[in-house]
1. Mind checking which residues of segment 51-66 are in contact with a helix residue (DSSP H, G or I) (Cβ under 6 Å, 6 or more places away or on another chain) and at negative phi?
2. Pick from segment 11-33 the residues that are more than 13 Å from ILE59 (Cβ to Cβ) and either basic (Lys, Arg) or in contact with a helix residue (DSSP H, G or I) (Cβ under 8 Å, 6 or more places away or on another chain) (or both): which of them is most open to solvent (accessible area, probe 1.4 Å)?
3. Since PHE2 meets every condition but one in (1) modelled with pLDDT under 85; (2) at positive phi, which condition does it not meet?
4. Mind checking which residues of segment 52-84 are under 20 Å from GLN105 (Cα atoms), in contact (Cβ under 8 Å) with a residue 40 or more places away in the chain and either aliphatic (A, V, I, L, M) or surrounded by fewer than 12 Cβ atoms within 10 Å (Cβ to Cβ) (or both)?
5. Would you say LEU39 is open to solvent by less than 50 Å² (accessible area, probe 1.4 Å), in contact with a helix residue (DSSP H, G or I) (Cβ under 7 Å, 6 or more places away or on another chain), modelled with pLDDT of 90 or more and over 23 Å from PHE98 (Cα atoms)?
6. Can you list residue pairs whose Cβ atoms sit under 9 Å apart, with the first residue in segment 23-38 being in contact (Cβ under 8 Å) with a residue 12 or more places away in the chain and the second being hydrophobic (A, V, I, L, M, F, W, C) and open to solvent by 80 Å² or more (accessible area, probe 1.4 Å)? Count only pairs 6 or more apart in sequence or on different chains.
7. Please enumerate the residues belonging to segment 73-97 that are part of a loop (DSSP other than H, G, I, E, B), among the charged types (D, E, K, R) and within 21 Å of MET9 (Cβ to Cβ).
8. Among (1) touching a Ser or Thr at 6+ places or on another chain (Cβ under 9 Å); (2) part of a loop (DSSP other than H, G, I, E, B), which single condition is VAL68 missing?
Amino acid sequence: MFPLKDAEMGAFTFFASALPHDVCGSNGLPLTPNSIKILGRFQILKTITHPRLCQYVDISRGKHERLVVVAEHCERSLEDLLRERKPVSCSTVLCIAFEVLQGLQ
């Protein structure tokens with residue numbers, strides 16, 4: 001198995017949907033903000049490692065439910081290759097298919 005080539009580090013940001021103010025659960029306690037729930041789930045994503053997958057590195061919570069995620073990414077994707085509409089050899093198609101299946105495994 002060969003690791004990803006040309007992977008770079010990048011960050012993206014998004015806002016988790018905010019909960020309405022003064023909303024409590026059925027137990028009477030305040031609801032956990034969505035950004036906190038996402039932070040917890042992200043810890044699981046950080047444990048997923050495979051040579052064919054980009055790695056999630058870190059997440060940071062800012063003001064107003066803002067989250068910043070740091071992860072590896074590749075500049076070119078399979079979609080970029082398909083958009084070129086150039087002929088692709090059968091061996092290249094098989095290689096890409098095999099690498100995608102390895103990542104899904």
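The values are calculated or read from the model by the stated rules, or taken from the named source; none is laboratory data. Keep in mind it's a predicted model, so treat the numbers as computed, not measured. Please note: Cβ atoms are built from the backbone with ideal geometry, for glycine as well, and neighbour counts cover all protein chains shown. These area figures cover heavy atoms from the full protein model, side chains too; ligands, DNA and RNA do not enter into them. Shrake-Rupley method; radii C 1.70, N 1.55, O 1.52, S 1.80 Å.
1. Those that are in contact with a helix residue (DSSP H, G or I) (Cβ under 6 Å, 6 or more places away or on another chain) and at negative phi: ARG52, LEU53, TYR56, ILE59, ARG61.
2. PHE15
3. Just one mismatch for PHE2, condition (2).
4. Correct list: LEU53 only.
5. Criteria not met by LEU39.
6. SER35/PHE15
7. Answer for segment 73-97, where residues must be part of a loop (DSSP other than H, G, I, E, B), among the charged types (D, E, K, R) and within 21 Å of MET9 (Cβ to Cβ): GLU75, ARG76.
8. (2)
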